[in-house]
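Heads up, the thing below is written out as structure tokens.
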Amino acid sequence: MNVKLSQCFIAVDDHDKALAFYRDALGLEVRNDVGFEGMRWVTVGSPAQPDVEIVLEPPLADPNATPADRQAVAELLAKGMLRGVIFSTEDVDATFEHVRAAGGEVLQEPVDQPYGVRDCAFRDPAGNMLRFTQPRTS
């Protein structure tokens, strides 16, 4: 059996702000932008990984959700508790400086972790945590 990752989903509350971050700050390419029933899904991905996509989706893509459900999900999103993604990079320090200069909200500056990587963390405009990691060299 050969199983590979195809797509992952990140909830965003403002697709235009998300695009400014994922496309403009991170350099991901937009692969699809679809509207349906008043909602929007935007697919982005790294040019280096044409077979892996991130879908920027509405926080609650359920037209039958109650106002209470929508409020609960909005609160979780604002706290950064819905999703997270870890990106790999060849130079975490350079990536950190680039994302910070582009206005990314810093959660953690680059640090050597005891489990063998050097990483940093940011929040995207919707509050999701994104980590950037590289293998640590001795």
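The values are calculated or read from the model by the stated rules, or taken from the named source; none is laboratory data. Source: prediction; values computed, not measured. Cβ coordinates were reconstructed from backbone atoms using ideal geometry, including for glycine residues, and neighbour counts include every protein chain displayed.
Worth a mention:
- Index of the failed condition, LEU19 passing every other in (1) of a type outside the set (Asp, Glu); (2) assigned to a strand (DSSP E or B); (3) surrounded by 14 or more Cβ atoms within 10 Å (Cβ to Cβ): (2)
- Test for LEU28: is it hydrophobic (A, V, I, L, M, F, W, C) and either under 19 Å from ALA126 (Cβ atoms) or modelled with pLDDT of 90 or more (or both): yes
- Failed item, numbered, when ILE10 is tested on (1) in a helix (DSSP H, G or I); (2) modelled with pLDDT under 95; (3) surrounded by 19 or more Cβ atoms within 10 Å (Cβ to Cβ): (1)
- Strands (runs of 3 or more DSSP E) lying entirely in region 68-138 (those with 3 or more residues that are crowded, with 16+ Cβ neighbours inside 10 Å): 117-123, 129-135
- Close Cβ contacts (under 6 Å, 6 or more residues apart or on different chains) running from residues in region 102-115 that are free of Cβ contacts under 8 Å to residues at least 40 places away in the same chain to residues that are of a type in the set (A, V, I, L, M) and surrounded by 11 or more Cβ atoms within 10 Å (Cβ to Cβ) comprise LEU107/ALA121; GLN108/ALA121; PRO110/VAL92.
- Among the residues of region 44-94, just one is hydroxyl-bearing (Ser, Thr, Tyr) and free of Cβ contacts under 8 Å to residues at least 12 places away in the same chain, namely THR66.
- Some residue of region 28-47 being within 16 Å of the chain's Cα centre (by Cα), outside any strand (DSSP E or B) and buried (at least 17 other Cβ atoms within 10 Å of the Cβ): yes
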